[in-house]
Every structure is written in structure tokens, then in C-alpha cells.
């Protein structure tokens, strides 16, 4: 068996508004569009990612929240209705996904080898969270690739940002080892927004772009600071900055997906490509790609 490789990583935010704006057949609510800058950025990123012909997409979502350990999906098929609990009028999505169980179980074993707790979800009625579904749809709307989904352990919230970051660094290392051992060409999807203070009321027409803007100038400046580090290949500095960024901008990266991905990529020192930056209900979102296949 050839040694596997993580061929790319993507900061791939999951606002359900982006799926709503695309009007796919799987989503019941229909829109007049909206959030085109981010959606078109996803289109450019999608073209790059799918051209690499990955074997599997691995996603870490903050909305599969687990208290004890890091969980993975452990059955080949999951299907059902995914509903966003905050925006059920925008996202009611019928999903049918295929899991790379071999890689899922391998990641679980490597998590244990790192001294952490791992659990495997084998309940066929488990409803996959909307963050996972949204990110996977936006990267691969054809749903013709197997996936691995990893939960967001609550350690950053129960302990501290620093404790959480340490856990996610180890999780990234475990993921990389499992990918290499199983011979897969894998793409990592960090399903996170950046700044995450958001409006408490929405427009009468949710897709009314005249009402869409960043929550505050301070949040915008923080988002630009971390994106500049990504564009300049300063990921070690970025990781050191994340605890302050989280506190100052309520950044959703607190849940750990970005740290997990950067760790699994070996903490890149090469530039990332920022495909798009935009706001959704005031939150800062960026579609950012690390090409690890040629670096």
C-alpha cells in the first residue's frame, strides 16, 4: 500500500445561508440568492480541490459537540433530515452520505494512541450536524466522495483555549498518521467561521444583501490580521495568536477545527490562497485553501 497524504486543507465555513442561497434540490427552503462573494469563492476552491482527485474528505465541525472524547462516524451510510436549530426557515436539508469507515476507525485508534479518548458513532439514526452537511455540500455538492466526520470536543470551553488547542494539535497529528497508514489522498475541511459576533435580528428577507455587513470594525480588523498570516505562510504565528483572536472576536475557531487542520498539515510555512472573505449575519467568513500536494 502506498503511503497516504493530506493533499489539501480548507478553512471551510458552514453558514447555512450559503446553501440556502444556492437552492440545491436537497434543501426545502428556496431563496432569491445572496452571499455571492462567499459562494463564488467556494466554487473556485471546489474546482481546485476536486481536480486533485481526493479519495476522502475529512471534516471537523463545531456543531457536533461532544463532552467526552473525540467521536467519529462509524457506519458506512447515514441519511436523514438536517435542520439548523437557529435557522430552520433557511436550512432543512435531506442528506445521504457515505463514510470511509476504514479511515474513520484508523483515526479513532490513533487518537487513543495519543492518550486521548475516542468514541465511534454506530447509531444508524444519528442525525449528522448541519455544520458537517453544509461544509461538505459547498465543497462537493455531487456527494460522490466518501467522508469522515470528527466531533468537536468541548475542552476549549470546559478548560481553556490553550488546553483546547493542545487537544486539537494532538488530534491533527493522529489524523495525519491515520491518513498515511491507510494510503488515502485526503482533504481536510475545517468547518469554522472567523469572527463570530452576529446580529440578533435578521432582515424580513434573509437574503437582502443591503442589510449584510460585518458586525464591527474591530472584528473586521482581527479577521484581516489572521488572514494576512495565512496568506504569508505564518501559521506557527497564527496558532500562537489564536487564543487572543478567540477572546477579542468571539472567533468560532475556538472549537478547534482550524488548529486540528494546521496541525495535520504539519503547520504550513507556505502561503494559503484566500478564495473569498465575506460576512453572514455579521460574522466573518473566509474560504481559504492550503495546497499540500505541491508544497
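A few points about this structure:
- Among the residues of the range 259-280, those identified as crowded, with 17+ Cβ neighbours inside 10 Å and either closer than 25 Å to residue 53 by Cβ or at pLDDT below 95 (or both) are 260, 261, 262, 263, 264, 265, 268, 272, 274, 275, 276.
- Meets criteria (more than 27 Å from residue 80 (Cβ to Cβ), touching a helix residue (DSSP H, G or I) at 6+ places or on another chain (Cβ under 7 Å), at pLDDT 95 or above and not in a helix (DSSP H, G or I)) for residue 189: no
- Being surrounded by 15 or more Cβ atoms within 10 Å (Cβ to Cβ) and at pLDDT 95 or above is a condition met by at least one residue of the range 195-204.
- Of the strands (runs of 3 or more DSSP E) lying entirely inside the range 1-102, those containing at least 3 residues that are in contact with a strand residue (DSSP E or B) (Cβ under 6 Å, 6 or more places away or on another chain), under 25 Å from residue 230 (Cβ atoms) and modelled with pLDDT of 95 or more span 5-11, 56-66.
- Of all residues in the range 210-228, those satisfying the criterion of being surrounded by 18 or more Cβ atoms within 10 Å (Cβ to Cβ) and closer than 20 Å to residue 260 by Cα are 223, 226, 227.
- One residue from 18, 50 being touching a helix residue (DSSP H, G or I) at 6+ places or on another chain (Cβ under 6 Å), within 27 Å of residue 255 (Cα to Cα) and in contact (Cβ under 8 Å) with a residue 40 or more places away in the chain: 18
- Number of residues in the range 279-295 that are part of a strand (DSSP E or B) and either free of Cβ contacts under 8 Å to residues at least 12 places away in the same chain or at positive phi (or both) equals 0.
- Flag for residue 112 being assigned to a loop (DSSP other than H, G, I, E, B) and either under 25 Å from residue 156 (Cβ atoms) or in contact with a strand residue (DSSP E or B) (Cβ under 9 Å, 6 or more places away or on another chain) (or both): no
- Residues (more than 20 Å from the chain's Cα centre (by Cα) and either surrounded by 22 or more Cβ atoms within 10 Å (Cβ to Cβ) or within 16 Å of residue 186 (Cβ to Cβ) (or both)) located in the range 110-135: 110
The values are calculated or read from the model by the stated rules, or taken from the named source; none is laboratory data. These numbers come from a predicted model, not from an experiment. Please note: Cβ atoms are built from the backbone with ideal geometry, for glycine as well, and neighbour counts cover all protein chains shown.
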